[in-house]
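One structure is given below, encoded as structure tokens.
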Amino acid sequence: MIKQFLKWKLWLVYTLLLTSAGCAKFLEEKADKSMVVPGTLSDLDALLWSSSQININFPGLLEMGTDDFYVKSEMFSALDAFGQQVYRWDKEINFDVPNTNIYWTNAYATVLTANTVLDKLKNYRESDPVFADKLEGEALFIRSLAFYYLVEVYAPAYVPGGDNDDLGIPLKLSSDIHEPIRRATVKESYAKIVDDLLRAKSKLGAVVEFKTRASRPAANALLARIFLIMGDYDRALETAKEALSDYSNLLDYNDLDPSLATPFVPFNDDVIFFAYTASAPMIASYMANVDSTLYRMYGENDLRKELFFEGSTDNSITFKGWYSAINSGAFMGMNTPEVHLLMAECYARKQMFDLARNSLKILLSKRYLGGQTDFIDIITDNEILSYILIERRKELLFRGVRWSDLKRLNREEAFRTTIVRKIQFNNIEQVFELHPNDSKYVYPIPQTVVDLGVIPQNRR
């Protein structure tokens, strides 16, 4: 049973959610969508318009441990103790109250919003069943997205064909503060996410007016990502195709201006569902530099080289290709380039090599100067999977997938990665490494949450 303090805190979050609901200014919706108690379907709809809750609160830890960036020693010194512990992959990471809220509570507040909608819908469904179904689909998607990011941060990698009985995450499925809490297994966590997304896509439409709202292609794109992680390439391919059948737009990088400080706008053609994390200051352009090995992967005719990166006076490279259009917020939504790359990978793994090349060509024709993709034809069948994975890394930089990719690809000998970070301290170089399948790929749960006595801590 949840302790009284936690009950009070959840109730406080619940009250704040209800009184702060309403959409962001860029949506130009009326402020009167805020309410004290949701009493109609329109009130529940207003909860899902709260972009500051629905579209932002995903744990930035997902990006802060990857091999896509490094922090210079002087910048490392400017990090607080928590940031330094995260950067070094320390065994012990001490979450203070603000960081507990940022990296744990906020995500579960999003879950609480979704649960409130789902719980209250039954009271008002008869007034407009079609509208109610749409809201149900959106709430299921939002909860699934939050659960997905939480399980990627706080649980071990899913093992295809394995028992997956390691501890996953608490699956909070009700807004009832008296509901008992326990940690589901990894298997149960993934199964619930998949089941809810399958329900969600049956209730969602193909088109939405604003990309901050859930849609059927968004649900299918997330399902495809999860099936890929699970090693279920048939279902990953099927749901990816379904996503593109509803929404297949691709942004042509030939039409963009690389001289701009922020070449990308938030709701560009690539975006299916818009979300980002505001909780990853370590990767901000003013803090982080792009890994030099990664930067060298981009050829001269690759338009991403100028659109994504900017050189500094000391020859280091910073990132400017934010799909969030915010230089400290990784994109965490769904996008069509990821779906095309996912299809290409699935085709390659199923030894359907020509189809894999075709999927690559569709995307890379929008990424290379003049749309030239003839070079793809000379990639051999034996090389194509490795090439696709390189393109996946190059394209999806700071879009919320690299941590998951590292965890899943570390299962395969050919694609395992050891990440190395170096820091100069008192003229002595300190080296830190994260090895494949290391227990540090699972972040510790904030100790204040564990101390409530409801759920156990991760072993690290």
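In table form, for the structure just shown:
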item	result
Residue tally, condition over 30 Å from residue 147 (Cα atoms) and at pLDDT below 90, over the stretch 301-333	4
Check on residue 392, of a type in the set (D, E, K, R) and surrounded by 13 or more Cβ atoms within 10 Å (Cβ to Cβ)	yes
Condition met for residue 419 (within 18 Å of residue 291 (Cα to Cα), surrounded by 14 or more Cβ atoms within 10 Å (Cβ to Cβ) and touching a Leu at 6+ places or on another chain (Cβ under 8 Å))	yes
Per-region count, the stretch 82-94, residues within 16 Å of residue 446 (Cα to Cα) and part of a loop (DSSP other than H, G, I, E, B)	6
Only listed residue being more than 22 Å from residue 222 (Cα to Cα) and either in contact with a Gly (Cβ under 7 Å, 6 or more places away or on another chain) or of a type outside the set (S, T, N, Q) (or both), chosen from 366, 394	366
Residue selected from the stretch 376-406 under the condition over 19 Å from the mean Cα position of the chain (by Cα) and of a type in the set (S, T, N, Q), by the criterion farthest from residue 437 (Cα to Cα)	380
Candidate set from the stretch 437-460 (those that are basic (Lys, Arg) and touching a residue at least 60 places away in the same chain (Cβ under 8 Å)); member that is surrounded by the most Cβ atoms within 10 Å (Cβ to Cβ)	440
Selection from the stretch 174-204 of residues that are outside any helix (DSSP H, G or I) and within 19 Å of residue 133 (Cβ to Cβ)	202, 203, 204
Residue list for the stretch 275-289, restricted to those being crowded, with 23+ Cβ neighbours inside 10 Å and more than 30 Å from residue 141 (Cα to Cα)	288
Selection from the stretch 376-391 of residues that are in a helix (DSSP H, G or I), over 27 Å from residue 69 (Cα atoms) and not acidic (Asp, Glu)	376, 378, 382
Residue list for the stretch 40-55, filter: surrounded by fewer than 20 Cβ atoms within 10 Å (Cβ to Cβ) and either within 19 Å of the chain's Cα centre (by Cα) or under 11 Å from residue 110 (Cβ atoms) (or both)	52
Subset of the stretch 392-436 [of a type outside the set (Gly, Ala, Ser), in a helix (DSSP H, G or I), touching a residue at least 40 places away in the same chain (Cβ under 8 Å) and within 25 Å of residue 364 (Cα to Cα)]	392, 393, 394, 395, 402, 403, 406, 408
Test result for residue 239, out of contact with any strand residue (DSSP E or B) (no Cβ under 6 Å at 6 or more places or on another chain) and not in a helix (DSSP H, G or I)	no
Condition check for residue 214: within 16 Å of residue 456 (Cα to Cα), outside any helix (DSSP H, G or I), touching a Leu at 6+ places or on another chain (Cβ under 8 Å) and among the small types (Gly, Ala, Ser)	no
Test for residue 448: is it at pLDDT below 95, among the polar types (S, T, N, Q) and more than 25 Å from residue 240 (Cα to Cα)	yes
Lone qualifier among 25, 3, 33, 9 - being surrounded by fewer than 21 Cβ atoms within 10 Å (Cβ to Cβ), at pLDDT below 85, of a type outside the set (Asp, Glu) and in contact with a helix residue (DSSP H, G or I) (Cβ under 6 Å, 6 or more places away or on another chain)	33
Residue count, the stretch 234-247 (criterion: hydroxyl-bearing (Ser, Thr, Tyr), farther than 20 Å from residue 400 by Cα and surrounded by 15 or more Cβ atoms within 10 Å (Cβ to Cβ))	1
Residues of the stretch 171-213 that turn out to be over 22 Å from the mean Cα position of the chain (by Cα), buried (at least 19 other Cβ atoms within 10 Å of the Cβ) and at pLDDT 95 or above, as a count	1
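Conditions tested, residue by residue: (1) touching a strand residue (DSSP E or B) at 6+ places or on another chain (Cβ under 8 Å); (2) surrounded by fewer than 19 Cβ atoms within 10 Å (Cβ to Cβ); (3) within 24 Å of residue 417 (Cβ to Cβ); (4) not acidic (Asp, Glu).
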| position | (1), (2), (3), (4) |
| --- | --- |
| 310 | yes, yes, no, no |
| 316 | yes, yes, yes, yes |
| 334 | yes, no, no, yes |
| 349 | no, yes, yes, yes |
| 352 | no, yes, no, yes |
| 355 | no, yes, no, yes |
| 365 | no, yes, no, yes |
| 379 | no, yes, yes, yes |
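Table: residues versus (1) over 17 Å from residue 223 (Cα atoms); (2) assigned to a loop (DSSP other than H, G, I, E, B); (3) touching a Cys at 6+ places or on another chain (Cβ under 7 Å).
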{"residue": "138", "(1), (2), (3)": "no, no, no"}
{"residue": "143", "(1), (2), (3)": "no, no, no"}
{"residue": "157", "(1), (2), (3)": "no, yes, no"}
{"residue": "162", "(1), (2), (3)": "yes, yes, no"}
{"residue": "169", "(1), (2), (3)": "yes, no, no"}
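Listed here are the residues, each with its yes/no results for (1) out of contact with any helix residue (DSSP H, G or I) (no Cβ under 6 Å at 6 or more places or on another chain); (2) free of Cβ contacts under 8 Å to residues at least 60 places away in the same chain; (3) not β-branched (Val, Ile, Thr).
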{"residue": "67", "(1), (2), (3)": "yes, no, yes"}
{"residue": "83", "(1), (2), (3)": "no, no, yes"}
{"residue": "93", "(1), (2), (3)": "no, no, no"}
{"residue": "111", "(1), (2), (3)": "no, no, no"}
{"residue": "122", "(1), (2), (3)": "yes, yes, yes"}
{"residue": "130", "(1), (2), (3)": "yes, yes, no"}
{"residue": "142", "(1), (2), (3)": "no, no, no"}
{"residue": "147", "(1), (2), (3)": "no, yes, yes"}
{"residue": "155", "(1), (2), (3)": "no, no, yes"}
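The values are calculated or read from the model by the stated rules, or taken from the named source; none is laboratory data. Predicted, not measured: the structure shown is a model, and the values here were computed from it. All Cβ positions, even for glycine, are placed from backbone atoms using ideal geometry, and neighbour counts span all protein chains on display.
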